[in-house]
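Let me begin by presenting the structure, written as structure tokens, before commenting on it.
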Amino acid sequence: MNPLISIHDKGPACTTVEEVYELMDGGMNIGRVNMSHIDRCSKRNHFQNIIEAGNRYGLEMDFSVPFGTMMDLKGPEIRTGMLQTVNYNPAVTEVKLQRGQTIRLTIDKNFENLCSDKFIYVDYEGLPLYAQPGMEIFISGRNIKLLVDFVDGLQIVCTVVTEGALRSFQQVHVPMLTMPMPAITEYDWECVELAVEMDVDIIVIPKTRNEEIVYKVKGFLDKKELKQRILVFAKISNYEGVRNIDAIIEAADGIVIHKHDLSLEIPCAKIFVAQKEIIAKCNKAAKPVVCCVELKSSPGEIAQYIIDGADCLMLTEETALGSNGPCAVETLSQIIREADAATSRLNFHSDLVELLPRTIEPTVAITMAAVETADKVQAAAILTITTTGRTAQLLSWFRPRCPVIAVTRFGRVARQLNMWRAVMPLVYYGPLEDDWFEDCNSRLRYAIAYGKDRKVIQPGDPLVLVTGYRKNAGFTNCLRVIFVTM
């Protein structure tokens, strides 16, 4: 069982359909495309490759297993240019910056494709206006740290404090400095239009500082009158976002925590407290929460995200730049499974039940009872039929000890359900039966066959079924326990 999903950055190292397929085979559920440094043609190709690889994977499995797409907007960020070495030797993808050496940051576009260990182009023209002697500038998280010496016209002269490898198009961060940059750029709005066109499932707003921009993007998408809406997630990577986290959680469909960027504005000794608090708030609000991880972190650190309550883990650098992305995905999936098996859900479930009001809606009551029943009868899985995905989301909210196999007729609903912990979504394309109960049973048989194929369900296992007494959304009111036959 893969209790959480792994979201992976479709970067230059994983671009073909075959490479994406290998990532899926290793355990990837959603392909993330970072819009910061790819051209218009590459954007479309990346999404098309994810979709094509997903279709191929489903055909070879004999089950319609959905794989989602996530678009990470560029946002108000500053990035370096392209390394000069790439122009004449594409194999050289990095240059080493040595501690104590002098380096010049420049906004001169003549250096846009000529970055080296002497000059680094940055794409924000206003940076020299805000740079002050003694100011810290970070490149690629904490990998490279510069200290500003002085400003010389269009150039910022710096000393390398923390040495590291400089690559093309890396992010530049100036801690605790708020510059007059729009939360969403014109380029980002073009990307949102592309997301609608390419049927993307999730849009991530980077560097979210407050809830206003979340509502703005949601309002823009609402005007498109899509049959099934695109989820909007907020990425928390600065102190202001942490300060406004309650309002952001209420506005967004989910949260992405970028620990490494966050650590540039919050002391390292307190970063884990902030992360735990955000995860706990998302758990209580029934909103999925994603944590960004790197495999160079210890297995114990990665496992702690799961124990704390994360729904998803996002693996980026290893799949975007690494030579063995599928191995990285498989390793992460193994850590996830082991950590989830060691996680106690008893306290979380009882605490959540205590927080619920005395009177709750029927669907919440049924899903809560289903999770408790599954625990008492040691069910191998909870099976549910869903139209909007809400029943599966609520089942995930109560943190069952077994997987939730959710069957739906809607592709986007299934793809988005990959964001919820313990949910194994399926798309059912069988004919619609006139008799509602027979239609339900057809889909449940499909789910059981899938569970057997994945070795989640064995003959003789108890299963908990959560369905509606009649068709259409909002009528989840039936709970059954059955035993699997041969």
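Quick notes
- Which listed residue, of F437, F398, is over 22 Å from L352 (Cα atoms), among the aromatic types (F, W, Y) and at pLDDT below 95: F437
- Screening L146 against (1) at pLDDT 90 or above; (2) surrounded by fewer than 21 Cβ atoms within 10 Å (Cβ to Cβ) leaves a single unmet condition, (2).
- Summed over region 97-113, the residues that are among the aliphatic types (A, V, I, L, M), within 13 Å of Y124 (Cα to Cα) and in a strand (DSSP E or B) give a count of 1.
- The number of residues in region 411-449 that are of a type outside the set (S, T, N, Q), within 19 Å of N29 (Cβ to Cβ) and buried (at least 19 other Cβ atoms within 10 Å of the Cβ) comes to 16.
- Qualifying residue in region 41-63 (condition: modelled with pLDDT of 90 or more, in a strand (DSSP E or B) and in contact with a Phe, Trp or Tyr (Cβ under 8 Å, 6 or more places away or on another chain)): no
Every residue, every condition in (1) of a type in the set (D, E); (2) over 30 Å from V172 (Cβ atoms); (3) free of Cβ contacts under 8 Å to residues at least 24 places away in the same chain, yes or no:
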| position | (1), (2), (3) |
| --- | --- |
| I278 | no, no, no |
| V290 | no, no, no |
| L332 | no, no, no |
| I360 | no, yes, yes |
| T363 | no, yes, no |
| M368 | no, yes, no |
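- A single entry from V161, V157 fulfils the requirement of being at pLDDT 95 or above, in a strand (DSSP E or B) and touching an Asp or Glu at 6+ places or on another chain (Cβ under 6 Å): V157.
- Just one of the numbered conditions (1) within 29 Å of D123 (Cα to Cα); (2) of a type in the set (V, I, T); (3) assigned to a helix (DSSP H, G or I) is not true of V33: (3).
- In region 73-131, residue nearest to P182 (Cα to Cα) [restricted to those that are touching a Leu at 6+ places or on another chain (Cβ under 8 Å) and charged (D, E, K, R)]: D108
- Restricting the first member to region 316-330 and to residues that are assigned to a loop (DSSP other than H, G, I, E, B), and the second to residues that are modelled with pLDDT of 55 or more, the beta-carbon pairs closer than 7 Å and six or more apart or on different chains are T316/C292; G322/A328.
The values are calculated or read from the model by the stated rules, or taken from the named source; none is laboratory data. Bear in mind the structure is a predicted one, so any value in this text is a computation, not a measurement. With ideal geometry, Cβ positions are generated from the backbone for all residues, glycine too; neighbour counts draw on all protein chains shown.
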